[in-house]
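What follows is a short report on a single structure.
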Amino acid sequence: MTIPLVVGIDGSAGSLEAVDWAAGEAARHGVPLHLLHAAARDHQAPDVIDSAAERVRACAPAVRLSSEVLHEDATAALVDKGRNAFALVLGSRGLGGLAGMLLGSVSLAVAARADCPVVVVRGAAEHRDGRFGSVVVGVEEGEGSGTAVRFAFREAHVRHCRLVAVHAWNTPFGALTTPQAPPWYALEEHRRPPAQVLDDALRDASEQYRDASVRRRVIEGPARQALLEAASEADLLVVGARRRQGHLGLQLGLINHAVLHHAPCPIAVVPRI
């Protein structure tokens, strides 16, 4: 049985936008869609499920649809479902969000703890409707981006769009900057040139998706700014997340926190396998 794409719903405008996005995603990948609503024990929510299901049937009638109401904490329910899910899809703000918050607490907590990719649906309609024809993936130094890169290639493939791979770097403090000086990475044997970092990260997935249209961007500067700028013309931003050493859950880090709160388009947090 194909594992489902799971979308968390609470009746808020943000969760309904997530339902619309998830319906399109399920149709693109040919996977079932499961609607999950976590409610208080004394609260029945047939209208929440019914209105969400109606939206799915209207925009993606061929998608296999199921639904469930669980009377437990929303974060715990979603993280548990994520152990056997294609991905979890959430709105950026829920009914319980405080005024002024850029990202709901449930969305942030699930993104930090889930075992599967978590997509937080953000941005205006043009970013949610695939009008830019672009998927952006952030690539970091080391091996933390491998699963995110494969996820991004697959998304670009099913969307028939280009992939933009971004690697941002900063010159180490104190590096020589005269025109006659060798590049800083030549002075440190353990560091690779930024372009090589990007090429190495893309190599395996490029072999699998040989027809993919890939643009490489090597940017000197803060990764947060580089990713947000690239996402301004993207339908989806993909970032990786590492496992915490000795702890359950993921290490989102400052960059992932920033893009989760400020990205102008849907953002996928993909845990490293």
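Under 8 Å by Cβ, and 6 or more places apart or on different chains, what pairs join a residue from the range 60-72 that is in a strand (DSSP E or B) with one that is of a type in the set (V, I, T)?
What qualifies is L65/V56; S67/I49; V69/I49.
Which of the residues that make up the range 113-172 are in a helix (DSSP H, G or I) and of a type in the set (G, A, S)?
Passing the criteria: A125, G146, A148, A152, A156.
Which residue is farthest from A168 (Cα to Cα), if the candidates are limited to the range 219-240 and must be among the β-branched types (V, I, T) and under 12 Å from the mean Cα position of the chain (by Cα)?
Narrowing the range 219-240 to residues among the β-branched types (V, I, T): 219, 238-239.
From what is left, the residues that are under 12 Å from the mean Cα position of the chain (by Cα) are 238-239.
Values: V238: 14, V239: 13 Å.
Checking each candidate, the answer is V238.
Test L78 against the criterion of being in contact with a Ser or Thr (Cβ under 6 Å, 6 or more places away or on another chain), closer than 23 Å to G253 by Cα and either open to solvent by 60 Å² or more (accessible area, probe 1.4 Å) or modelled with pLDDT of 90 or more (or both), and give yes or no.
Answer is no for this residue.
Out of the range 7-33, which residues are closer than 18 Å to R154 by Cβ and not in a helix (DSSP H, G or I)?
Listed by number, the residues that qualify are G30, V31, P32, L33.
The values are calculated or read from the model by the stated rules, or taken from the named source; none is laboratory data. The model shown is predicted, which means the values in this text are computed figures rather than measured ones. No Cβ is skipped: glycine too gets one built from the backbone with ideal geometry, and neighbour counts run over all protein chains shown. To get the accessible areas, we keep the full protein, side chains included, count just its heavy atoms, and leave off ligands, DNA and RNA. Shrake-Rupley method; radii C 1.70, N 1.55, O 1.52, S 1.80 Å.
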